[in-house]
Every structure is written in C-alpha cells, then in structure tokens.
1. Heavy-atom accessible area of residue 18 with all protein chains present, probe 1.4 Å, nearest 10 Å²?
2. What is the calculated FRET efficiency for residue 22 to residue 127, with r their C-beta to C-beta distance and R₀ = 30 Å, to the nearest 0.05?
3. Considering only protein heavy atoms and a 1.4 Å probe, what is the carbon-and-sulfur percentage of the accessible area of the chain?
4. Give me the Kirkwood hydrodynamic radius of segment 105-147, using the inverse of the mean 1/r over all pairs of distinct Cα atoms, in Å to one decimal.
5. Give the ranking of 140, 56, 50 by solvent-accessible surface, highest area first, calculated with a 1.4 Å probe.
6. Go ahead and estimate [θ] at 222 nm for the chain from helices alone: -39,500 (n - 2.57) per DSSP H run with n ≥ 4, summed, over the residue count, rounded to 500.
7. Round to the nearest 0.05 the FRET efficiency obtained for residue 114 and residue 40 when R0 = 25 Å and r is the Cβ-Cβ distance.
8. Tell me the relative contact order for the chain as a rounded percent, counting alpha carbon contacts under 8 Å between residues six or more apart.
Amino acid sequence: MTLRAMPILPNGAKVPPIVWAQGQGYGAAIRASAVTLAYNSQQVPNPPKTFGELLTWIKAHPGKFTYCKPDQGGTGDYFVVAAIRSVMDTSLLIKPYSKASEAAWPKAWALLKSIEPDLYQNGYHPDGNIPVLNLLAKGTIWMGTAWSDQGLNY
C-alpha cells in the first residue's frame, strides 16, 4: 500500500513539501490556533512584523514586553524557538534531527540574554500564557506573546 500526502486543507497546497514529507505520507500536524503578538494598539500603533523588528521594538521600549517561561507555556517556547531560528540555517531543522543544528544555539542564547534587561522587570517571565495576558490587560506591558484563541477570548 502506498500513501501519498494529499493536501485536503483549503490552503494545503501552500504547505511546503518538506512538511508533508516529514509526515511520511500520513499527513502533517496542524494546530487550530497560532502564537501571535498580543499588543495594546493605543501604545503600539505599528506593531513589529518580523522577529528582527520585534527585537528592535523590545530594545526601544524597555519593560513593555515579556513572554512566559518556555516550560510553562507554548508561547514562551515558541519565542525561544524563533530566537534560535533567527540565527541559524533553518534547513537543519528538518527530520531526521541533525546535531549540526546545535551549532547556532549559543548565538540564540546570547541573543536571548541580550534582551533580558529590556523585558518586563529586567527579564521576568510569567508562569504561563494567561499571566502574560493579565499583564497586558493591566497595561503593565504593551506587548507579549499569546495564543491567538486565548488572546481573542481574553
């Protein structure tokens, strides 16, 4: 029996072939929500559109951004992954795992360490996704990472 990855999602054809290939013909993982930047539009009329722009924004607005602990919420984990991806060859992220991908990690750790003083309370990371939204709702921070569904519902 031969299985082929057949995009049945409306935008499935836009999924890179390598993603379909990683599913080995069984499909591709999808999620109904996505990690987004939640922000106060009164304080942030022109939000960053790239990770590089976000880093610049964080440096320019000390104390007004944070993300949750990576082991306490997916949005914090995603932020760290975005930092790693921003300084490495993303072709190393495909299956099977490549030890060579770890060569860029020290650059990512240095990047993350460099923005810690510019995060909320000099690097405070809340225990979970909802506490980030609480800080945003109180006006304590102006921007943070959030799941799209949680941000909309909150």
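1. Residue 18 has an accessible surface of roughly 80 Å² with all protein chains in place.
2. Values: r = 32 Å, r/R0 = 1.06.
Using R0 = 30 Å, I get an efficiency of 0.40.
3. On the way: 5480 of 9620 Å².
Carbon plus sulfur share of accessible area: 57 percent.
4. With all distinct Cα pairs of segment 105-147 included, I get 11.3 Å.
5. On the way: 140 45, 56 95, 50 75 Å².
Ranked from most to least accessible, the order is 56, 50, 140.
6. On the way: 6 runs with 56 residues, N = 154.
Dividing the helical sum by the residues of the chain leaves -10500 deg cm²/dmol.
7. Values: r = 24 Å, r/R0 = 0.98.
Computed FRET efficiency for residue 114 and residue 40: 0.55.
8. Working: 196 pairs, mean separation 50.7, N = 154.
Over the chain, the number comes to 33 percent.
The values are calculated or read from the model by the stated rules, or taken from the named source; none is laboratory data. These numbers come from a predicted model, not from an experiment. Don't worry about glycine lacking a Cβ; one is built from the backbone with ideal geometry, like all the others, and counts go over all protein chains shown. SASA here: full protein model, heavy atoms, side chains in, ligands and nucleic acids out. Shrake-Rupley method; radii C 1.70, N 1.55, O 1.52, S 1.80 Å.
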